[in-house]
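I have placed the structure first, in the form of structure tokens, so that the comments after it can refer back to it.
The values are calculated or read from the model by the stated rules, or taken from the named source; none is laboratory data. Just so it is clear, the model here is predicted, and its values are computed rather than measured. All Cβ positions, glycine included, derive from the backbone under ideal geometry; neighbour counts span all protein chains shown. Only protein heavy atoms, including side chains, enter the accessible area calculation; ligands, DNA and RNA are left aside. Shrake-Rupley method; radii C 1.70, N 1.55, O 1.52, S 1.80 Å.
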Amino acid sequence: MGDIYILMLIALGVLALVDLVVGVSNDAVNFLNSAIGSKAIPIKTIMIIASIGIAMGALTSSGLMEVARKGIFVPSEFFFDEIMFIFMAVMITDVILLDVFNSLGMPTSTTVSIVFELLGASVAMALIKILGNNEETVSHLGKYINSGKALEIIMGILLSVVVAFSIGAIVQLVSRLIYSFNYDKKKNYVNAIFGGIAITAITYFIIIKGLKGTEFYSDFKGIIDGNLLLILLGGFILWTVISQLLISLFKVNILKVIIGIGTFSLAMAFAGNDLVNFIGVPIAALGSYDLWLESGLPASEFAMGSLAGKVETPTILLLIAGTVMVVTLWFSKKAKAVIETGINLSRQGDGHEKFQPNTPARFLVRAAVNINKGIVFILPKPTREWMDSKFEKPVINLPKDKTYEMPAFDLVRASVNLVVAAILISIGTSLKLPLSTTYVTFMVAMGTSLADRAWGRESAVYRVAGVLNVIGGWFVTAMMAFITAAIVLYFIQLGGIVSVSVLLILVFTLLGRNYVKHKKKEQQEKEKKMIKKEEINSIQGVIDESSAHIAEVVQRVGKLYTNVVDDLALQDLNKLKKTEKHVRKLNNEIDELKGDVFYFIKSLNESSVEASRFYILVLGYLQDIAQAIDYISRISFKHVYNNHKDLKKGQIKDLKNINNELNEMLMDIKEIFENRSFGDITVVLNEKRDLIENVSKLIQKQVDRIRTDETSPKNTTLYFSILLETKDLTSAILNLLQLYEDFYKTSK
């Protein structure tokens with residue numbers, strides 16, 4: 001029987017390694033966003049600083065099974081075999097949950113996920129025990145579970161959201177009014193004082209959050225506990241003097257120093273404290289196994305009361321965990337996706353938005369606009385003008401390298417993000433409040449973005465929608481963690497080691513599937529940009545970059561049109577729905593390109609103006625093509641969905657003939673654009689005119705049918721709509737070809 005638990009320990013160890021990878025991928029957003037978003041430090045330097053912080057955090061980690069020690073469940077009420085099932089359910093659920101969030105590029109809290117997984121699994125096990133005991137009812141659940149912990153975590157989420165956002169906004173507003181965007185012109189003593197405050201806060205954060213609870217902290221505890229204010233004042237004076245010397249003598253930008261130290265401190269705190277979220281459960285399982293072996297009792301009779309104490313982690317395991325975390329930080333592409341979400345929502349200015357507006361976001365933005373009007377009405381005009389002057393951005397000479405991208409935000413905001421997050425987390429830790437590092441750092445970044453006027457009228461509704469999606473994801477994390485862990489526990493309880501084996505196969509299948517999907521999504525993101533803007537200096541540049549993509553679009557349109565006609569003939573609702581989904585995807589890709597036109601034109605030099613006009617016309621015709629196939633797909637799906645009469649055989653036959661003609665022409669167009677043989681366009685243009693004439697004849701044919709034997713008005717509406725939209729589709733293709741032919745003739 002012991003062999004089963006050894007296998008379970010091995011499985012837990014493997015899951016811990018996987019959990020480390022997916023956990024670091026998600027939590028990297030906490031300590032890298034500010035440094036990467038501000039471009040204060042070269043990316044490799046940032047990664048080295050963060051890696052050292054993670055390594056230090058792992059080595060100084062207390063290695064305590066924190067969440068178990070805090071009492072999510074009462075260990076003494078469970079036997080060894082039940083505890084192992086709980087731990088197994090927790091780790092399986094945690095790996096799946098975090099990987100799903102990473103694949104979506106959404107930051108979540110590893111602390112909240114592990115706590116609610118423990119809660120869900122232990123509640124499920126407690127209910128199983130209660131149902132098997134005739135003397136207990138559901139009212140005895142409190143005997144097994146510390147329900148107050150879940151309430152504390154939920155309150156911690158709400159507290160994090162409100163307090164972090166508000167404090168971040170207030171501090172950023174004050175900082176911007178002091179610094180403006182011309183921080184390089186500020187007096188040295190202002191920068192030195194800011195440096196003194198910031199570095200003192202960060203070093204205090206390192207001591208309180210990074211080292212508290214470790215054996216290192218006990219050496220300083222007696223000194224710190226009674227002299228906190230004196231230490232903070234002394235630290236402020238010391239760091240202010242050092243900052244002044246660095247600025248005056250060595251011309252160091254103190255804001256970059258703050259960002260570097262802040263990144264190190266958050267990375268260290270993450271590894272030192274959140275490490276137990278990933279390896280704490282397997283370590284506790286290993287400790288439980290050792291205690292059970294010593295007892296000599298059957299697994300189903302050995303109570304785990306001793307688990308309520310501290311479960312120390314061997315140093316070698318901390319070293320291995322730290323190494324895995326550092327390697328993951330450097331190579332995880334999913335970490336980059338999560339970081340991109342945070343930076344995208346907090347960047348200064350407009351651009352491509354990841355999230356779509358929703359009703360709550362629109363309501364909040366509208367309310368904020370009205371409140372702002374009230375504030376503007378109350379504030380005197382000189383005050384408004386003075387405040388506006390602080391938000392005026394200086395003219396910047398960009399590097400000649402066209403691949404250069406502007407920072408998402410400046411050094412002042414990056415520094416405020418790190419300092420405010422450090423202070424709030426330090427206060428929360430000292431007051432023993434269950435604040436999540438993820439929640440605090442993310443909401444501080446969102447608050448500073450709002451105060452810094454990064455959310456203008458052009459982008460506010462998208463950014464607010466994104467923030468609401470992320471916050472909603474946090475609550476979903478808690479619910480999903482609880483429910484999934486409970487279900488997994490029940491499944492393990494039913495089947496034992498067989499269920500564990502099945503679940504492990506499922507976990508690694510899902511991980512592989514998510515990896516493939518993420519890889520595919522990355523590839524699509526690279527390919528969907530129809531034109532590489534930095535390479536366009538002429539109309540020829542537009543043609544070179546767009547031809548392959550236009551060939552792909554016409555091929556897709558031909559396939560979609562064929563699918564609609566075939567599925568309409570078969571009245572296949574599921575296939576029509578699937579086709580509509582693909583059509584919508586094509587439309588979204590073209591809409592996204594059109595949405596970037598403003599920034600594209602702004603990025604061009606004077607010699608490329610004509611190319612931009614050509615580009616806009618190309619996009620316009622592509623949108624007309626996409627809208628035509630979208631309408632055809634939508635009305636066909638609606639017709640079948642409403643259970644209207646089938647089209648008559650004659651009508652289907654006519655549509656298939658048109659489909660054959662259209663696809664022949666589209667294949668010719670595809671070859672022209674793939675081979676850049678624009679001299680052949682004239683032949684295709686004649687074919688297109690023939691196609692339009694054939695469509696017109698079919699319209700007249702249907703008119704004659706109505707006057708003789710047609711009895712279904714819905715069929716007539718559908719048939720006419722498809723023919724008329726096919727005519728518009730053909731005309732849009734004609735216009736696109738005409739545009740390229742005109743260029744070909746003028747360039748000869």
TODO: Mind listing just one residue for me: the one in region 438-459 that is open to solvent by less than 10 Å² (accessible area, probe 1.4 Å) and out of contact with any Gly (no Cβ under 9 Å at 6 or more places or on another chain) and, of those, farthest from N30 (Cα to Cα)?
DONE: D452
Task: Cβ-Cβ under 7 Å pairs, at least 6 apart or on other chains, region 444-468 side within 14 Å of R366 (Cβ to Cβ), far side open to solvent by less than 10 Å² (accessible area, probe 1.4 Å) and modelled with pLDDT under 90 - done: W455/R463
- [ ] Starting from residues that are open to solvent by less than 30 Å² (accessible area, probe 1.4 Å) and out of contact with any Phe, Trp or Tyr (no Cβ under 8 Å at 6 or more places or on another chain), keep the ones in region 636-654 and report whichever is farthest from N574 (Cα to Cα).
- [x] D654
- [ ] Inspect all residues belonging to region 384-402 and state whether any of them is over 12 Å from R176 (Cα atoms), modelled with pLDDT of 90 or more and either open to solvent by less than 100 Å² (accessible area, probe 1.4 Å) or in contact with an Asp or Glu (Cβ under 6 Å, 6 or more places away or on another chain) (or both).
- [x] yes
Task: Filter result for the condition that a residue is within 21 Å of P107 (Cβ to Cβ) and open to solvent by 70 Å² or more (accessible area, probe 1.4 Å), over L345, L329, L364 - done: L364
- [ ] Report whether or not W474 is of a type outside the set (G, A, S), surrounded by 17 or more Cβ atoms within 10 Å (Cβ to Cβ) and free of Cβ contacts under 8 Å to residues at least 24 places away in the same chain.
- [x] no
Open item on the list: Test of understanding: among T263, T313, T359, which residue is at pLDDT 85 or above, hydroxyl-bearing (S, T, Y) and over 21 Å from L418 (Cβ atoms)?
Closed with: T359
TODO: Could you tell me whether any residue of region 223-235 is touching a Gly at 6+ places or on another chain (Cβ under 6 Å) and at pLDDT 75 or above?
DONE: no
Task: Tally of residues being in contact with a Ser or Thr (Cβ under 8 Å, 6 or more places away or on another chain), crowded, with 20+ Cβ neighbours inside 10 Å and not hydrophobic (A, V, I, L, M, F, W, C) across region 176-199 - done: 3
Open item on the list: Quick check on F194: is it at pLDDT below 90, of a type in the set (F, W, Y) and either part of a helix (DSSP H, G or I) or under 30 Å from V252 (Cα atoms) (or both)?
Closed with: no
Task: Test for I153: is it open to solvent by less than 40 Å² (accessible area, probe 1.4 Å) and assigned to a helix (DSSP H, G or I) - done: yes
Open item on the list: Pairs needed: first member in region 373-392, over 19 Å from Q172 (Cβ atoms); second member anywhere, surrounded by 10 or more Cβ atoms within 10 Å (Cβ to Cβ); C-beta distance under 7 Å; at least 6 residues apart or different chains.
Closed with: V376/R384
Open item on the list: Just to check your reading of the model, which residue among S265, S288 is among the polar types (S, T, N, Q), open to solvent by less than 10 Å² (accessible area, probe 1.4 Å) and more than 28 Å from Y189 (Cβ to Cβ)?
Closed with: S288
Open item on the list: Please pick out the residue among S113, S139 that is open to solvent by less than 10 Å² (accessible area, probe 1.4 Å), part of a helix (DSSP H, G or I) and of a type in the set (S, T, Y).
Closed with: S113
TODO: State yes or no: is Y490 more than 14 Å from M91 (Cα to Cα) and modelled with pLDDT of 90 or more?
DONE: yes
Task: Residue list for region 470-499, restricted to those being hydrophobic (A, V, I, L, M, F, W, C), closer than 20 Å to V123 by Cβ and touching a Leu at 6+ places or on another chain (Cβ under 8 Å) - done: M480, A481, F482, A485, V488, F491, I492
Task: Yes/no for I722 being open to solvent by less than 10 Å² (accessible area, probe 1.4 Å), out of contact with any Cys (no Cβ under 7 Å at 6 or more places or on another chain), under 23 Å from L570 (Cα atoms) and in a helix (DSSP H, G or I) - done: yes
TODO: State whether one or more residues within region 502-525 are in a loop (DSSP other than H, G, I, E, B) and either of a type in the set (K, R) or modelled with pLDDT of 85 or more (or both).
DONE: no
- [ ] Have a look at T60, T45 and point out the one that is over 22 Å from Q348 (Cβ atoms), at pLDDT below 90 and open to solvent by 10 Å² or more (accessible area, probe 1.4 Å).
- [x] T60
Open item on the list: From the list I699, I658, exactly one residue is in a helix (DSSP H, G or I) and either of a type in the set (F, W, Y) or open to solvent by 10 Å² or more (accessible area, probe 1.4 Å) (or both). Which is it?
Closed with: I699
Task: Flag if D567 is under 30 Å from D709 (Cβ atoms) and modelled with pLDDT of 90 or more - done: yes
